[in-house]
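Here's the structure we're looking at; comments come further down.
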Amino acid sequence: MERAPDKPLFFRRALRKRCPQCGEGALFRSFARLHETCASCGLRYRRESGSQTGAMYFCAAVTELFAAALALGMYFLTDWSTPVALSVGTVLVLGFSYLFLPVSMAFWTAVEYSTDVSNGETWVKPRP
């Protein structure tokens, strides 16, 4: 009897910026630039055009939640003027969005891989 794939393992590997299939190869060649394939197992990270569109939406949604929490925090916890709050908030939100992008891309790579495993794609070969 075949063991069910460990989907949380795929996400842990990807969030450590490693290949979700084998856990060995690096996901990124530089900041927020995915390798085409895993150097260890050959998994193609981007098999089709637009494969990272979900990462963009995920990053935008999380950034909006961060911005809302920041705005509420600044409103209730500071007595800053509107121009100061907007200036500080803009810098923090843009910085957060920039730094969160690779996390979002790694997460989305794991989502796509996990979906392919669930769909029984013949080319996926999950490794423990």
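Some notes on this structure:
- Which numbered condition residue 18 fails, given (1) crowded, with 17+ Cβ neighbours inside 10 Å; (2) in contact (Cβ under 8 Å) with a residue 24 or more places away in the chain: (2)
- Residue match in segment 60-82 (condition: at pLDDT below 95 and not in a helix (DSSP H, G or I)): no
- Residue list for segment 100-117, filter: in contact (Cβ under 8 Å) with a residue 60 or more places away in the chain and hydroxyl-bearing (Ser, Thr, Tyr): 109, 113, 114
- Exclusive hit being more than 17 Å from residue 116 (Cα to Cα) and touching a strand residue (DSSP E or B) at 6+ places or on another chain (Cβ under 7 Å), set 27, 43, 15: 27
- Candidate set from segment 73-107 (those that are open to solvent by 100 Å² or more (accessible area, probe 1.4 Å) and within 19 Å of the chain's Cα centre (by Cα)); member that is nearest to residue 27 (Cα to Cα): 99
- Condition check for residue 39: under 26 Å from residue 21 (Cα atoms), modelled with pLDDT of 95 or more and either outside any helix (DSSP H, G or I) or touching a Ser or Thr at 6+ places or on another chain (Cβ under 6 Å) (or both): yes
- Unmet criterion (only one of (1) in a helix (DSSP H, G or I); (2) open to solvent by 70 Å² or more (accessible area, probe 1.4 Å); (3) at pLDDT 95 or above; (4) not small (Gly, Ala, Ser)) for residue 24: (1)
- Among the residues making up segment 40-72, a single one is open to solvent by 100 Å² or more (accessible area, probe 1.4 Å) and in contact (Cβ under 8 Å) with a residue 12 or more places away in the chain: 56.
The values are calculated or read from the model by the stated rules, or taken from the named source; none is laboratory data. All of these numbers come straight from a predicted model, not from anything done at the bench. Every residue, glycine among them, receives a Cβ derived from its backbone with ideal geometry; neighbour counts consider all protein chains shown. Quick note on the areas: whole protein, heavy atoms, side chains included, nothing else; ligands and nucleic acids left out. Shrake-Rupley method; radii C 1.70, N 1.55, O 1.52, S 1.80 Å.
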